[in-house]
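One structure is given below, encoded as structure tokens.
The values are calculated or read from the model by the stated rules, or taken from the named source; none is laboratory data. Nothing here was measured: the structure is a model prediction, and the numbers come from that model. Here the Cβ positions follow ideal geometry from the backbone for every residue, glycine too, while neighbour counts run over all protein chains shown.
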Amino acid sequence: MAELHPQVVHFTIVLAIIGVAFRLLSLLGKPAFASPAATTLLLLAALSSVVSVRSGTAAHGPVERAPGARPAVMEHEEWGERTQNALLVVGAIEILGLVLRKSPKVRLVHSLAAVAGLVAVFCVYEAAEHGGELVYGYAGGVGIRSGDPKDVERLLLAGYHHQALAERSAGRSEQAAELLSAAAAQFPADPEVRMLEADSILRDRKNPQGALDALEKIDLPSDNRFMAFQHATLQADAYEALGRKDAAAAALEAVVKTFPNQRLQQRIDTLRK
């Protein structure tokens, strides 16, 4: 069930929030469908919360084994269980409301459901907040949904990229270049990664000839317009850094013949002046 957790939790979040909104609206007496809609949605939210917790429990083992992730996993799990308990209480109150639907006390029951629902929505928010932290702060769940090793490879590549950007922002250009070189060594067949390395050689190592040499070795897909633009732009940047404006313009012209582009043509015109 672990792979179902992302889908199920989003159903729980939506059902709970909209269900409580309808329950609050129903206390005004209009529209007539608000009360039955609230009951239906909140009962579904209670059932969905049970599946959410079970799927989350199935997923948490591999996630918490990642170094440093265990406290975040436990916090998310605790808020998930609180959310389940709160929604089950709301669901029980809604069932009581169905039993007393013809009684004058039904409005009091619905008011109680609204209050309990607001508590449940707070728990939903906290569980979602900690879940988001787990996913975006600790990369929790990578490789679990699909079981595809490519997911982990993409995580590794993203780590190289984001850490290199952080190093560059901190003024540690050499460290940024080393990270992107390592990424290129890890993914030698990926032309986008190889272009990142070439860009880093130019930007971080201030070595335009080295960047040109790296770009020369990259095999581009013939039908990929974006990569062609990126490759030609990097070549032009490197040639311009060497003071070779004619060569920079020629690199851009070569790609513009195949893939016309106004922005690149404007740069060619500037270089040719």
Q. Got a sec? Which of 128, 164, 185, 189 is exposed (fewer than 14 other Cβ atoms within 10 Å of the Cβ) and part of a helix (DSSP H, G or I)?
A. 185
Q.
Only one of 159, 137 is exposed (fewer than 14 other Cβ atoms within 10 Å of the Cβ), over 24 Å from residue 7 (Cα atoms) and not aromatic (Phe, Trp, Tyr). Can you tell me which?
A. 159
Q: Taking residue 178 as the residue in question, decide whether it is touching a residue at least 12 places away in the same chain (Cβ under 8 Å), on the phi < 0 side of the Ramachandran plot and among the acidic types (Asp, Glu).
A: no
Q. Looking only at region 198-243, which residues are of a type in the set (D, E, K, R), under 29 Å from the mean Cα position of the chain (by Cα) and farther than 14 Å from residue 181 by Cα?
A. 223, 225
Q: Could you please give the count of residues in region 197-215 that are under 15 Å from residue 231 (Cβ atoms) and either charged (D, E, K, R) or modelled with pLDDT under 95 (or both)?
A: 3
(Q) Can you find a residue that is exposed (fewer than 15 other Cβ atoms within 10 Å of the Cβ), under 24 Å from residue 154 (Cα atoms) and of a type in the set (D, E, K, R) anywhere in region 193-208? (A) no
Q: Of all residues in region 71-81, count the ones that are modelled with pLDDT of 90 or more and either within 14 Å of residue 9 (Cβ to Cβ) or buried (at least 20 other Cβ atoms within 10 Å of the Cβ) (or both).
A: 5
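Every residue, every condition in (1) part of a helix (DSSP H, G or I); (2) under 29 Å from the mean Cα position of the chain (by Cα); (3) among the aliphatic types (A, V, I, L, M), yes or no:
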residue	(1), (2), (3)
10	yes, yes, no
31	no, no, no
67	no, yes, no
94	yes, no, no
108	yes, no, yes
113	yes, no, yes
Q | Members of region 87-100 found to be closer than 11 Å to residue 42 by Cα and of a type in the set (A, V, I, L, M, F, W, C), listed by number | A | 87, 88, 89, 90, 92, 93, 95
Q) Could you count how many residues in region 47-65 are without any contact (Cβ under 8 Å) to a residue 40 or more places away in the chain and buried (at least 21 other Cβ atoms within 10 Å of the Cβ)? A) 3
Q: Have a look at 106, 53 and point out the one that is over 23 Å from residue 23 (Cα atoms) and in contact with a helix residue (DSSP H, G or I) (Cβ under 7 Å, 6 or more places away or on another chain).
A: 53
Q | Flag if residue 68 is over 18 Å from residue 25 (Cβ atoms), loosely packed, with under 15 Cβ neighbours inside 10 Å, in the same structural domain as residue 12 (by TED's automatic domain parsing) and not aromatic (Phe, Trp, Tyr) | A | yes
